[in-house]
1. Label points 7 Å out from Cα along the Cβ direction at residue 2 and residue 58: separation in nm?
2. How many Å³ per residue does the convex hull of the Cα positions in the chain occupy?
3. What aspartates and glutamates sit close enough to residue 3 to cross-link, taking a C-alpha to C-alpha distance under 20 Å and skipping anything fewer than 8 places away on the same chain?
4. Between 0 and 90 degrees, rounded to the nearest ten: what's the tilt of helix 46-55 against the longest Cα principal axis of the chain?
5. Quick one: which residues, 5+ away or cross-chain, put their amide H under 5 Å from the amide H of residue 25? H built at 1.01 Å from N.
6. Restricting attention to the chain, which trypsin sites (Lys or Arg not before Pro) occupy a DSSP loop and are surrounded by at most 16 other Cβ atoms within 10 Å?
7. So what's the back-of-envelope 222 nm ellipticity for the chain, counting only DSSP H runs of four-plus at -39500 (n - 2.57) apiece and dividing by all residues, rounded to 500?
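A short reminder: the numbers here are calculations on the coordinates, not readings from a lab. Source: prediction; values computed, not measured. Ideal geometry is used to build each Cβ from the backbone, glycine not excepted, and the neighbour counts take in all protein chains shown.
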Amino acid sequence: MAKVVVKKDSCIGCGVCAAVCASVFTMADDGLAENVLGEDVPEDLMEEVKEAVEACPVQAIEIE
Ligand code: SF4
């Protein structure tokens, strides 16, 4: 498991992470992305999460 956090103060709501990795990211009612799993993401989804991290235009996704 790895902890994956969307920094809401950086996210601009572009939706790219949800398009790249819908298993983990969704767009919340506030228009910003959130981790649907809470925080902990299983290893088998981390490859997609890393793609989303690289695709995010404002580096709002952190793997801790
Ligand atoms: S890709 Fe980055 S800026 Fe775009 S919705 Fe996801 S976290 Fe927010």
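1. About 2.3 nm, to one decimal.
2. On the way: hull volume 4.3 nm³, N = 64.
With only Cα atoms used, the chain gives 68 Å³ per residue.
3. Hits, sequence-local ones excluded: 34, 39, 40, 43, 44, 47, 48, 51, 54, 62, 64.
4. The two axes meet at around 30 degrees.
5. Distant-sequence amide H within range of residue 25: 36.
6. 7, 8
7. -6000 deg cm²/dmol
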